[in-house]
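Here is the structure we will look at.
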Amino acid sequence: MTTVQDVLMSKGPDVIVAPSTATVFEAACMMAQARVGAVVVRDGGRIMGIFTERDLLTRVVVAKRDASSVPLCEVMTKQVRTCRLGDDLATCGEIMAAEHIRHLAVVEEGALIGLVGVRDVMAARIAEPDQPASPGRLAS
């Protein structure tokens, strides 16, 4: 069983964070530079929301809003789903699939620890063999 902690130890806990007053353009630049699909929107230590590629597409591009002037607080997803370090990654994947989301914020004792995404779930699934190798079966 792969846990959220296993993933963060492997990829690192870095998470891109932006204040709610940052513009969509600023957030998009951060996402592009870090090659990630989301930024956590935080004011002080409090998570205010998450801004994702999907938010950019549906709430900015399609709505014909000016990315250089729209603040994240107007277009972010305000409901941020969270998980904990000890959570099973497969369960996280089930939550993401059921809720049609791609990211979960990792929170412990009220503090943002990291972010896990659907790519992390897929990578862990590929890395875990379905069954141990047995005679007559090639180990992968």
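Going toward the positive end of the dipole of segment 1-133, with +1 on Lys and Arg Cβ and -1 on Asp and Glu Cβ, which of Leu85, Val61, Val7 do you reach last?
Toward the positive end, the furthest listed residue is Val61.
Can you pull out the GluC sites (Glu not before Pro) in segment 79-131 that DSSP calls coil and that have at most 10 other Cβ atoms within 10 Å?
Glu109
Taking Rh as the Kirkwood radius, which is the inverse of the mean 1/r over Cα pairs, what is the Rg/Rh value for the chain?
On the Cα set of the chain, Rg over Rh gives 1.06.
Most fluctuating residue of Gly86, Gly37, Gly110 in a GNM of the chain with Cα springs under 10 Å: which is it?
Gly110
Of His100, Gly110, Ile126, which is farthest towards the positive pole of segment 4-127's charge dipole, taken about the Cα centre with +1 and -1 on the beta-carbons of Lys, Arg and Asp, Glu respectively?
Positive-most Cα among the choices belongs to His100.
For the chain, take the longest principal axis of its alpha carbons; what is the angle in degrees between that and the long axis of helix 89-99, to the nearest 10 within 0 to 90?
Between helix and principal axis, roughly 50 degrees.
What range in the chain is the longest one free of trypsin sites (Lys or Arg not before Pro) that are in a loop by DSSP and have at most 12 other Cβ atoms within 10 angstrom?
79-136
Report, in deg cm²/dmol and to the nearest 500, the calculated mean residue ellipticity at 222 nm for the chain, where each DSSP H run with n ≥ 4 adds -39500 (n - 2.57) and the sum is divided by the residue count.
About -9000 deg cm²/dmol.
First measure r as the distance between the Cβ atoms of Glu128 and Glu53, then evaluate 1/(1 + (r/R0)^6) with R0 = 25 Å and state the FRET efficiency to the nearest 0.05.
Calculated value: 0.40.
Ranking Asp120, Asp87, Asp14 by Cβ neighbours within 10 Å, fewest first, what do you get?
Asp14, Asp87, Asp120
Readers should treat all values here as calculations from the given coordinates under stated rules, not as data from a laboratory. Because the structure is predicted, anything quoted here is derived from the model rather than measured. Methodologically, a virtual Cβ is constructed for each residue, glycine included, from the backbone with ideal geometry; neighbour enumeration extends over all protein chains shown.
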